[in-house]
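Only one structure is covered here, and it is reproduced in the block below.
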Amino acid sequence: MRLNRDMDASQLAKAFYQDALEKGTEDEAFDNLMDIRQIYAGNKNLTKFFNNRQIAQTDKEQVLEDLTKTFSSDMQNFIKTIYNFRRMSDLLAIVNAYETLYDHENRTAIANVTTTVPLTESQEKRIQEVFIKKLGARKVLIKTIIDEEILGGVIIEIENKVFDGSIRANLESLKKQLVKE
């Protein structure tokens, strides 16, 4: 894996993904990176900590070692390289770029589903089945967004397409038709 400090986040992620793919460790790397995202979500000041010049290098390295001790050696080396490049502020962007590559390669689609109430398990399963078939995906992950403004129904955003079955959209469509006549 050839990395250099001039690579942007997506280039770093792609280089790491290619290396993991060659070694057959892309799933493990994905899991480790999702753990990193959770660690960062639970510690909002972590980037500031690593960028703070008043904190001793040894203290930063100890925290880095503690954070990654359960990760594979490849992941530990990758994170250490990002740290040495002074790019810890880009780590979440790298995680996001890796996730995008991973999802694309594994034909995983992310559906943002907006409803007024949480979906039932059977509704989620039905949406997944429909879009697996429609997109030729292996898996559809659903992120539910609750928005009472849509009045009812569902809006699904998946792979840059919007399927709007909300009551609000239907009412607006009906209103336009009535105004034309």
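The values are calculated or read from the model by the stated rules, or taken from the named source; none is laboratory data. The structure presented is a predicted model; accordingly, all values stated were derived computationally and were not measured. As a convention, Cβ positions derive from the backbone with ideal geometry for all residues, glycine included, and neighbour counts pool all protein chains shown. We work out accessible area using only protein heavy atoms, side chains counted, and drop any ligands, DNA or RNA first. Shrake-Rupley method; radii C 1.70, N 1.55, O 1.52, S 1.80 Å.
Data for the structure
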quantity	calculated
Long-range neighbours under 6 Å by Cβ, at least six apart or interchain, first residue surrounded by 13 or more Cβ atoms within 10 Å (Cβ to Cβ) within region 153-176, second among the β-branched types (Val, Ile, Thr) and assigned to a helix (DSSP H, G or I)	GLY153/ILE167; SER166/ILE150; ARG168/ILE150
Subset tally (residues that are surrounded by 12 or more Cβ atoms within 10 Å (Cβ to Cβ), of a type in the set (Asp, Glu) and at pLDDT below 85) for region 140-152	0
Cross-chain or 6+ apart pairs with Cβ under 8 Å, region 72-84 first and touching a residue at least 24 places away in the same chain (Cβ under 8 Å), then outside any helix (DSSP H, G or I) and not aliphatic (A, V, I, L, M)	SER72/THR25; ASP74/THR25; ILE79/PHE71
Failed item in (1) within 20 Å of LEU21 (Cβ to Cβ); (2) outside any helix (DSSP H, G or I), with THR114 passing the rest	(1)
Set ALA56, ALA13, ALA20: member being touching a residue at least 40 places away in the same chain (Cβ under 8 Å), more than 18 Å from ASP90 (Cβ to Cβ) and open to solvent by less than 90 Å² (accessible area, probe 1.4 Å)	ALA20
Tally of residues being in a helix (DSSP H, G or I) and within 21 Å of LEU119 (Cβ to Cβ) across region 129-181	14
Criterion violated by ILE79 - all others in (1) surrounded by 15 or more Cβ atoms within 10 Å (Cβ to Cβ); (2) closer than 25 Å to LEU12 by Cβ; (3) at pLDDT below 90 satisfied	(3)
Count of region 103-115 residues which are at pLDDT below 90 and open to solvent by 30 Å² or more (accessible area, probe 1.4 Å)	5
